[in-house]
Each structure stands twice: as structure tokens, then as C-alpha cells.
1. Given the pairs Lys109/Lys246; Lys177/Lys203; Lys70/Lys141, which are separated by over 21 angstrom at their Cα positions?
2. Among the GluC sites (Glu not before Pro) within segment 100-174, which fall in a DSSP loop and have no more than 14 other Cβ atoms within 10 Å of their own Cβ?
3. Calculate one ³J(HN,Hα) per residue across segment 185-196 by plugging θ = phi - 60° into the Karplus curve 6.51 cos²θ - 1.76 cosθ + 1.60, and present them in order as whole Hz with x for glycine and proline.
Amino acid sequence: MKQAPKPVSYLRAWLTSQTNMMTVLGGGLAATIASIPAGGVGALGALVVLGAVQVLAALVIPDLSTFRSKVDRNARRAAIDQRRAQLQQELFQLHGGLERVSGMAMWQKYQAVVERATVLYRIAGEAQSQLSYDDAERVDKASVDYLALWLADATITDRLRSGEEATVERRLRDAEKALAGVEISDARYRHLRMARDDYLAIKLRHDGLVARQMSIEAALVSLPDQVEEIYQMVVASPYSSVLGSKLGESLSRLQLEEDIELELSQNDLDSHYFQTGAAAANRHAKAARQSARTTQ
């Protein structure tokens, strides 16, 4: 699950902004200069003016829509970069470091998407451009989605490679066979049915992972092509008044996170759910065997 974004403090953003810092430094310098001919009185007067300007700016600027929009953009960009760094680190750990990852074809495709997003950000910043910053940002998010898809695909592949599904299928058949050999009134029936149900649930989750991996692999192939389509469309006519309407459909296809449930739960990605399910089923089977010995 995604964590809720932290609320943005526009006042803090203004107080720590480069513009405000330069204003404070400039005011301090003015106070120093004023103190030369007028002494402490001149410095105090300059500081009073600086304080008044600071208070007025703090009351007005944080509420300006343009300032808030800029702060929100910077916050979103920081969140994108933070998630990008996290995913890259996980991929580096999984594949043995940056040197090995950088030689992979998927990394080259990812870098191409990042380069396209960088150019689109620049175009969105041009005065006459019809490309919005938000649209360029969506392409940037797509580059991070590509990393997440790559990581999910690699993790699921590792999960499926373990071969545990064969063991689960064998145990499921054994549980079904054993269940068919006892009467409902038998004390062993409830335990065997619970074991069968647990193994069946594990198998269904495995089958779900296989289907989900197919969707992820398809998205990994299509995403770079979709980004390239958007890039070529923008570069061909960045100032066209109909650019926005043309981009709408192409950009909507980049919403991968919702379309293919990119936020896979931990239980879906690692072997813990197999271990948990198998352990529960083993407990039920053991209980059934103990019950059988008791009734003999």
C-alpha cells in the first residue's frame, strides 16, 4: 500500500526558499552598510524594515496559487526521485550492483525513458509550449513505473523458479485423495479438508502470480514504445493548440500502476505466503494423522 503523502507546509517552503534566503542575506548586508554612517541606529532601522518585509511576505506569498503550485511540483518531483532511488537500490541488490545492471537491455530502455522525460520537462518549461508540466511529470512517473515493473517481474520470476509449486500440487493431490477416503463423520475429515483448502489456496495464488507476471511482462514491452510515441508527438509540434487533445489517450495508457495492480503486496512477491500456507497445511495433516492414530 502507498503511504499517504506528508502535508506540505507552504510557510516553511517560503522561509527556506532560495529567494527568501537571498532576501535575508541582502537585508543583513544592508544593515551592515547602514551601520557605517549611522551606527547602531542605522543598522536597527534596516533590520526593522527587513523584519517588516519578512512578516508581510510570510503572510502573502505562501497563499499565492503560483507559489503553492511550484511547491507542490517540487514535492512531487522529490517523491518521484525518492521512489526511483529506492527501486534502483533494490534492483542493484537483486542483480549484483550498478555495473551489472547497467549492461542489461532493460536498463538501457529505462535510461531512454528517463532521457525522454528530461526533454519533455524542458519543453514544458518553454513559454509558448502547449505541453503542461503535469504531462511531462506523468512521463517521468512512467520511468519509475518501469523500474517497479522490472523489480516485480524479477521477484516473481525468482518466486516461481523455486519449484515449490510442484510440491504444493503433489500435497494437494494427496490431501484430496485422503479426503475422498474418509467419511464426513470421521474425526479426520475436518483436518484433511482444512489441509486440502490451504493447499488449494496456495495453488490459486501461484496461478494468480503467473497471470500477473504475464501482464507485467507485456507492460515492460509496451511502456517504452508508449513513451516514444508521446515524445515524438510533442517534439513534432510542441506549440500546436491541439497537442493536449492528441496526448490525452497516449498519456492515459501510462497509468500502469492502477491498471495492472503494480502495488503487489509482500505476500505476493516473496515465498513467505508459501511457507505460511504450507506450514498451516502441514499442521492440519499432522493433526489428521494424530487423530487417525487415536481412533485406531
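No lab work stands behind these numbers, since they all come straight from the coordinates. Keep in mind that what you see is a predicted model, and the values were worked out from it rather than measured. Don't worry about glycine lacking a Cβ; one is built from the backbone with ideal geometry, like all the others, and counts go over all protein chains shown.
1. Values: Lys109/Lys246 24 Å; Lys177/Lys203 17 Å; Lys70/Lys141 18 Å.
Correct reply: Lys109/Lys246.
2. Working: sites: Glu115, Glu126, Glu137, Glu164, Glu165, Glu169; in loops: Glu126.
Loop-located and lightly packed - Glu126.
3. My calculation for segment 185-196 gives 6, 5, 4, 7, 4, 4, 5, 5, 5, 5, 5, 4 Hz in order.
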